[in-house]
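Enquirer: Take a look at this one; I'll ask things after.
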Amino acid sequence: MPNSLHANIQTNVNLADYATMALPSTASHFVSVTTLDELKQAIVIAQEQSLPIIVLGEGSNSLFTCDVSALVLHMNISGFEVDASASSDDDIVLVAGAGAHWDDFVQFAIVHNAYGIENLSWIPGAVGAAPIQNIGAYGVELSHVLEWVEVIDLNTAPDFSVRRIYAIECELSYRESIFKQRLKNQVIIIRVAIRLSLSKQFNLNYAALSSYLDDLPTPKDELTLTDIRQAVISIRDSKLPNPEKCPNAGSFFKNPIIPKSQFEKLKQAHANIPNYPVDGDHCKLAAAWLIDQAGWKGKRFGNVGVHEKQALVLVNYNQAQGHELMALAREIQASVHERFGVALEIEPRVYE
Ligand code: FAD
Ligand code: EPU
């Protein structure tokens, strides 16, 4: 393969500009790819130079706590389309390039009067990262609509054949997928397809969304896709810090899933503990509530702290170093474990 990409590879790039937590970290090599051909060339260069590859979308779920000796591959393959041949009178299949901005995909769906991802409005990040942790918000997860993802398999040099992985094979669950497990560092997602309904159907069960809509003058059965999108954006805006003004990575920990027997004991001591059913044997707790109850909400420690409106969000107040942030995370984990006996798992991908 003729390789014209060499000239575009930058060295010693500060990743603080490419990740929303804005921690200082130098990448030995960095390249932004806008086509499949460029992507394949970048993989060849990395493999020739024995450089590990770190894929980056918009960096809203990546924590670079140290310098990285790797080729950071910024996925910038964009574009949206309707797959008419896979669509029907009832539903529509929409396809996006992995580098497209997720929220533009939501807007694209709304323009096509397609129902299913309006609750996922305003989640930061690129489309290609959405299947990695099965993004979710306000009662909807990507798993509800995902049709397939197309990937390049890093082990298929020099052709790098494109492979389609159907939703059922992606092993999606709460903040989990095959891409965090068996296929971690093995494939790069290049396109994502979702199947959405063309008939009106909303998911309005999430308490915060439901009560917001109750307060609107519009009756619930007259609400439009745009109304739901605006409601979700408004709720998010009222709780979550804007990474451009206050660097953060959204929820810092996953909501813990614990055995029901453990939950019953916790409930005896904390009658109002929020919980969500998972299956007959497990339930999910709200990490934000645990951290809040442990007294961390709104606390600042030097350059880092816990957001004052959402205890699950750690923030970088002023050019924090990765080790300061991770020290705070560990203290929170220890304190929640001591108080509730529950382990908190960090949600973003940490490079340390
Ligand atoms: P990145 O940080 O660039 O990448 C994340 C991971 O995916 C990395 O491991 C990376 O290597 C991998 N990756 C990225 N692209 C590819 C690709 N093309 N192929 C293979 N691997 C890839 N998440 C939710 O689920 N729900 C929310 O409500 C939510 N709210 C948020 C609010 C804020 C303010 C912030 C900052 C974050 C929030 N997040 C939320 C987390 C984040 O937005 C999502 O995880 C998002 O999908 C990350 O996209 P990204 O492009 O920024 O990912
Ligand atoms: N709560 C507190 N204190 C707080 C914040 C919340 O006690 O400071 C309580 C709330 O009262 C509520 C519960 O915790 O009972 C849950 O709060 P919220 O509805 O805000 O949701 P969350 O569980 O904190 C999750 C996702 C978010 C997603 C929202 C909305 C995880 C790890 N986080 O947050 O995703 O936007 O639900 O669906 O699952 C992200 O992944 O980055 C993210 C922001």
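Enquirer: Thr218 versus (1) more than 18 Å from the chain's Cα centre (by Cα); (2) farther than 27 Å from Glu345 by Cβ; (3) part of a helix (DSSP H, G or I): which is the lone unmet condition?
Expert: The failed condition is (3).
Enquirer: Scan region 186-215 residue by residue and report those that are in a loop (DSSP other than H, G, I, E, B) and closer than 20 Å to Val82 by Cβ.
Expert: Leu198, Ser199, Lys200, Gln201
Enquirer: Mind checking which residues of region 305-331 are among the polar types (S, T, N, Q) and within 20 Å of the chain's Cα centre (by Cα)?
Expert: Gln310, Asn316, listed by residue number.
Enquirer: Any chance you could count how many residues in region 141-159 are surrounded by fewer than 20 Cβ atoms within 10 Å (Cβ to Cβ) and more than 12 Å from ligand 1 (Cβ to nearest atom)?
Expert: 7
Enquirer: Another one. Go through region 67-130 and tell me which strands (runs of 3 or more DSSP E), entirely inside it, have 2 or more residues that are within 15 Å of ligand 1 (Cβ to nearest atom), open to solvent by less than 20 Å² (accessible area, probe 1.4 Å) and at pLDDT 95 or above.
Expert: 68-75, 91-97
Enquirer: Could I ask something else about it? For Ala334, state whether it is under 22 Å from the mean Cα position of the chain (by Cα) and not β-branched (Val, Ile, Thr).
Expert: No.
Enquirer: Further question: Asp281 passes all but one of (1) near ligand 2 (Cβ under 9 Å from one of its atoms); (2) more than 25 Å from Ala329 (Cα to Cα); which number fails?
Expert: (1)
Enquirer: Quick check on my filter: what residues within region 194-238 are open to solvent by 60 Å² or more (accessible area, probe 1.4 Å) and among the acidic types (Asp, Glu)?
Expert: Asp214, Asp215, Asp221, Glu222, Asp237
The values are calculated or read from the model by the stated rules, or taken from the named source; none is laboratory data. Every value quoted in this text rests on a predicted model; they were computed, and no experiment measured them. Please note: Cβ atoms are built from the backbone with ideal geometry, for glycine as well, and neighbour counts cover all protein chains shown. Heavy atoms of the whole protein, side chains included, go into the accessibility calculation; ligands, DNA and RNA do not. Shrake-Rupley method; radii C 1.70, N 1.55, O 1.52, S 1.80 Å.
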